[in-house]
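Working notes for the structure below.
The values are calculated or read from the model by the stated rules, or taken from the named source; none is laboratory data. This is a predicted model, so every value here is computed, not measured. Positions of Cβ are backbone-derived with ideal geometry, glycine not excepted, and every protein chain shown enters the neighbour counts. Please note that ligands, DNA and RNA were not included when accessible areas were found on the heavy atoms of the full protein model with its side chains. Shrake-Rupley method; radii C 1.70, N 1.55, O 1.52, S 1.80 Å.
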Amino acid sequence: MDLNPFDVNNSVSCRLTSEIPEVCRTEDCCLGIDEAGRGPVLGPMVYGICFCPVSKKEDLKDLKVADSKTLSEPERENLFQTLDEAKSYVGWALQILSPNTISTSMLQRTKYNLNALSHDTAIGLVQFALDRGVQLKEVYVDTVGPAEKYEEKLSKLFPGIKVTVRPKADSLFPIVSAASICAKVARDRVVKGWNFAEDLGEVDTDYGSGYPNDPKTKAWLLKYLDPVFGYPQFVRFSWSTAQTLMDSKAVSVHWDDDEEDGEKAAQRQNNRSMLSYFGASAGGNDQNGTHQTHRYFTDRRLKSLNTL
């Protein structure tokens, strides 16, 4: 599994795939879908699919794949290696959803919640397999939201394919267990080798499980909260845990908007509106001489002009 395409720019999402086994293009196939990292406040969420011919279901079962949450990290790594070595009849694909992608999706003006993002990612992976020529006849999915509605949605999108959506599908169907292992191994590797784009010096990587209720994770979030710029992109800033810490520990910011006059709103909070800079006299100084030009402008020898 080459994670380099994601490591180059981990602020965006990335798809990784195995080679498509030729037998999957000629025989009826089953496909499983599962994810890893839905709940943590740190790191990406990874969606995985795994597929093989229906005639090879027993062979897959003999590989002793199991729900990734019941396995230790070394066991998952060994099973992923076993799956990868069975490339003559097993294929996989992963969609790594970066923390930045998750947070910006959830906080955009038109709300796009995690369930909708999860559904669209799973649908995209099924469509990818079909586009690559995999002869899908059966799809098994670990549910997100009500299982019956999700199953109906997928059945309408992919007519002719038998879709089965179940809670805990990763412990019921070996093909979903295989997808679960692929997704979990990818997430573990990404988190362990995260490339911080921000200049944080030597980063403490003891961030615990990444789940919001983990004391180690909470301590890490407090340690790396910048009072002005917030969190590095490793953090899902749309999570309530991160937002609560920013509200209580970071500098409050007033944004001018269209709903009220910016100057009045700023004055009410005993603050200066950013628009007031442009009302300063030429040379960057107020008439009363109380305005101190920000260093950003003085370093670049920038001045405001009254006329052009």
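What whole-number value in Å² describes the accessible area per residue of the chain for a 1.4 Å probe?
Values: 17110 Å² over 308 residues.
I get 56 Å² per residue for this part.
Using the crude model of +1 on Lys and Arg Cβ and -1 on Asp and Glu Cβ, and no other charge, please compute the dipole size for segment 3-193 relative to its Cα centre, in debye to 20.
Value, rounded to 20: 580 debye.
Can you tell me the Rg and Dmax of segment 1-132, counting just the alpha carbons, in angstroms?
15.7, 48
Calculated FRET efficiency, residue 253 and residue 73, Cβ-Cβ r, R0 45 Å, to nearest 0.05?
Taking R0 as 45 Å, the efficiency between residue 253 and residue 73 is 0.65.
Please report, as a whole percent, how much of the solvent-accessible surface of segment 3-193 comes from carbon and sulfur atoms (probe radius 1.4 Å).
50
Between residue 28 and residue 59, what's the calculated FRET efficiency when r is the beta-carbon distance and R0 is 22 Å? Round to 0.05.
Here the calculated transfer efficiency is 0.90.
Tally Lys/Arg at +1 and Asp/Glu at -1 over every other residue whose Cβ is under 13 Å from the Cβ of residue 82; what's the total?
That sum, taken over residues with Cβ under 13 Å, equals -2.
Could you tell me which of the pairs 56/168; 192/216; 192/223; 137/192; 111/216 are separated by over 25 angstrom between their Cα atoms in the structure shown?
Among 56/168; 192/216; 192/223; 137/192; 111/216, the Cα-Cα distance tops 25 Å for 137/192; 111/216.
Could you run the Karplus curve 6.51 cos²θ - 1.76 cosθ + 1.60 with θ = phi - 60° over segment 142-151 and give me ³J(HN,Hα) per residue in whole Hz, x for Gly and Pro?
7, 5, 10, x, x, 5, 5, 5, 5, 4
Using the Karplus curve 6.51 cos²θ - 1.76 cosθ + 1.60 with θ = phi - 60°, work out ³J(HN,Hα) for each residue of segment 169-184 in order, rounded to whole Hz, and write x for Gly and Pro.
4, 5, 9, 9, 10, x, 5, 6, 4, 5, 5, 4, 5, 4, 5, 5
Loop sites only, by DSSP: take the chymotrypsin sites (Phe, Trp or Tyr not before Pro) in the chain that have at most 14 other C-beta atoms within 10 Å and name the longest stretch containing none of them.
That gives 1-195 as the longest site-free run.
In whole Hz, what ³J(HN,Hα) sequence does segment 196-204 give by Karplus (6.51, -1.76, 1.60; θ = phi - 60°), x for Gly and Pro?
Values, residue by residue: 6, 6, 7, 7, 10, x, 7, 7, 6 Hz.
With Cα extents along the principal axes in Å as the read-out, I listed [x] 59, 50, 36; [y] 84, 41, 34; [z] 76, 55, 39; which label goes with the value calculated from this structure?
Given [x] 59, 50, 36; [y] 84, 41, 34; [z] 76, 55, 39, the structure-derived one carries the label [y].
Ignoring everything except DSSP H segments at least 4 long, calculate the 222 nm mean residue ellipticity for the chain; use -39,500 (n - 2.57) per segment, divide by total residues, nearest 500.
The per-residue figure over the chain is -10500 deg cm²/dmol.
Take the chain, mark every one of the GluC sites (Glu not before Pro) that falls in a DSSP loop and has at most 13 other Cβ within 10 Å, then report the longest stretch left between them, sites excluded.
Values: sites that count: 19, 198, 202, 259, 260.
Answer from the scan: 20-197.
Would you grab the residues whose amide H sits under 5 Å from the one on residue 210? Only those 5+ places off in sequence or on another chain, please, with H modelled 1.01 Å from N.
217
Can you give the FRET efficiency to the nearest 0.05 for residue 304 and residue 199, using r as the Cβ-Cβ distance and R₀ = 30 Å?
Numbers: r = 31 Å, r/R0 = 1.03.
E between residue 304 and residue 199, to the nearest 0.05, is 0.45.
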